[in-house]
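The values are calculated or read from the model by the stated rules, or taken from the named source; none is laboratory data. Model, not experiment: these values are computed from the prediction. Backbone-built Cβ (ideal geometry, glycine too); neighbour counts: all protein chains shown. Accessible surface is based on the protein model in full, side chains and every heavy atom, while ligands, DNA and RNA are left aside. Shrake-Rupley method; radii C 1.70, N 1.55, O 1.52, S 1.80 Å.
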Amino acid sequence: MHYQMIASQADLNACLNALDPSQPLCLDTEFMRVRTYNPQLALVQLTTGQDIYLIDPLAVADLEPLWQRLVGAETKVLHACGEDLDVLPSPLLPLFDTQVAATLCNKGMSLGYAALVEQEFGVTLDKGQSRTDWLKRPLTEAQLAYCVNDVLYLPELHQRLDAALVAMGRRAWLTEECERQVSGRARGANPELAYIDIKNAWQLGPQSLAVLRELAAWRLGEAKRRDLALNFVIREENLWAIAKRLPERAHEIKSLVAPQEWRHHGQALQRLVEQGMNVPSSDWPAPIVRLIDLPDYKEQFAAIKDKVALAAEKTGLPEAFIGSKKLINDWYSYHYRLSEQERESASIPVLQSGWRQEVLGSLK
């Protein structure tokens, strides 16, 4: 299939005008994420089933016309779009994820694009370029061929999988899954709750958690501001160690972090520790209780797993897709960790909504 490299504003405008608005917009992205908080977009591949366009964001000054097109009414077709959603505009709806669609068609869970293409078309794709430096220019012929292949089969995959889902009565299931993916990515991380994700935070007492809350919220904000990966601001285990020790003097904090961390952030760390230690006890976070430590958790988990297994046998879907450990834990937390008031403002657990509720029935 013919492809065109888009490296100017005029080329981008012409490309967007050439894309058939009556057809789904099939796309993929290439990006790099090594030291940065946000992925660095390196290429966007687009097609509506005719020509393929490779848009170079390093050469096109204004991508806003592209972003406007992507939030339009056309169906967007991607494969395993989770990470793509981090570099594309939100909301990217309506969305058709061919990996999720393949799972719902009982073709296998978490199939890679190359595996699905081989299964459907008998074509073996060369994936040797997947780990290359996509920000380096010029792109090689091998890289360009790889990028073209990543969208070449999407239009036909969309047609086949869409028809299969309709025939199986599962098209609405896919819409539900895709909308959940998009909304989950759009919410992002809550700075006030970032401390909960610190490894072994559950081992800390309430005052230490108050300090860790200050530190983790600051680190998240600093990572976003400077576009740095979280651990390139300050390593997670060092935040934990500070919160555990509750140091009162600068030299004590200094001994718990790397030299470069102290050099760049020593004053901020002193201020944050002081703020956290001055939080009134009435405002300390509640101790983090692990689900596994709750008295009836194991029995409840096993009971739900049994229902998931029955649903998997009935539908042909993988157990991990219907009810993963995370989804079961989310359900349990909603019913047994949240207060009645908290449940009123919380999202309904995935396991008791939509198609999963249909196939699982009541879980209590």
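List every residue whose amide H lies under 5 Å from the amide H of G82, counting only residues 5 or more places away in sequence or on a different chain, with H placed 1.01 Å from N in the peptide plane.
Amide H neighbours of G82: none.
If amide hydrogens are placed 1.01 Å from N in the peptide plane, which non-local residues have theirs closer than 5 Å to the one on T75?
Residues meeting the criterion, in which the H sits 1.01 Å from N, are L25.
Considering only the chain, what is the antiparallel percent among its DSSP beta bridges, to the nearest 5?
The antiparallel fraction comes to roughly 55 percent.
With a point put 7 Å past each Cα toward its Cβ, work out how far K136 is from S90 in nm, to one decimal.
3.3 nm
Using a Gaussian network model of the chain with C-alpha springs under 10 Å, which one of E299, E177, E120 is most mobile by mean-square fluctuation?
For the chain, modelled as a Gaussian network with Cα springs under 10 Å, the answer is E299.
Could you tell me which trypsin sites (Lys or Arg not before Pro) in segment 89-139 are loop residues by DSSP with no more than 10 other beta carbons within 10 angstrom of their beta carbon?
Taking segment 89-139 and a limit of 10 other Cβ atoms within 10 Å, the loop trypsin sites (Lys or Arg not before Pro) found are R131.
Would you grab the residues whose amide H sits under 5 Å from the one on Q4? Only those 5+ places off in sequence or on another chain, please, with H modelled 1.01 Å from N.
I52, Y53, L54
Over segment 112-258, give the accessible area per residue in Å² for a 1.4 Å probe, as an integer.
It amounts to 52 Å² per residue over segment 112-258.
I'd like the GluC sites (Glu not before Pro) in segment 200-254 restricted to DSSP loop residues with at most 13 other Cβ atoms within 10 Å, sorted by number.
Answer in residue order: E248.
Quick one: Karplus J couplings for segment 71-80, per residue in order, coefficients 6.51, -1.76, 1.60, θ = phi - 60°, nearest Hz, x for Gly and Pro?
9, x, 7, 5, 5, 9, 10, 9, 10, 6
If you build a Gaussian network model of the chain, linking Cα atoms that sit under 10 Å apart, which residue out of A114, A80, A258 swings the most?
In this elastic network of the chain, the residue with the biggest mean-square fluctuation among A114, A80, A258 is A258.
I'd like to verify something in the chain: which complete DSSP H helices, judged by Cα projection on the helix axis, reach 15 Å or more and average at least -0.5 on the Kyte-Doolittle scale?
141-152, 154-168, 206-226, 297-315
Compute the length gained on full extension between R33 and D62: take 0.36 nm times their separation in residues and subtract their Cα-Cα distance, giving the result in nm to one decimal.
Once the chain is fully extended between R33 and D62, it gains 8.3 nm.
Hey, got a sec? Which trypsin sites (Lys or Arg not before Pro) in segment 172-255 land in a DSSP loop and have at most 10 other Cβ atoms within 10 Å?
Filter output for segment 172-255: K199, R249.
Translational diffusion coefficient of the chain at 4 °C, 1.567 mPa s, Stokes-Einstein with Kirkwood Rh over Cα pairs, in µm²/s as a whole number.
The estimated diffusion coefficient comes to 55 µm²/s.
What list of ³J(HN,Hα) values in whole Hz, one per residue of segment 47-54 in order, does the Karplus curve 6.51 cos²θ - 1.76 cosθ + 1.60 (θ = phi - 60°) give from phi, with Gly and Pro shown as x?
In residue order, the calculated couplings are 7, 10, x, 10, 5, 10, 10, 10 Hz.
Which residue, G112, G266, G122, tops the fluctuation ranking in a GNM of the chain built on C-alpha contacts under 10 Å?
G122
How many times 2.2 N^0.38 Å is the alpha carbon radius of gyration of segment 230-364?
Rounded to two decimals, the normalised Rg is 1.52.
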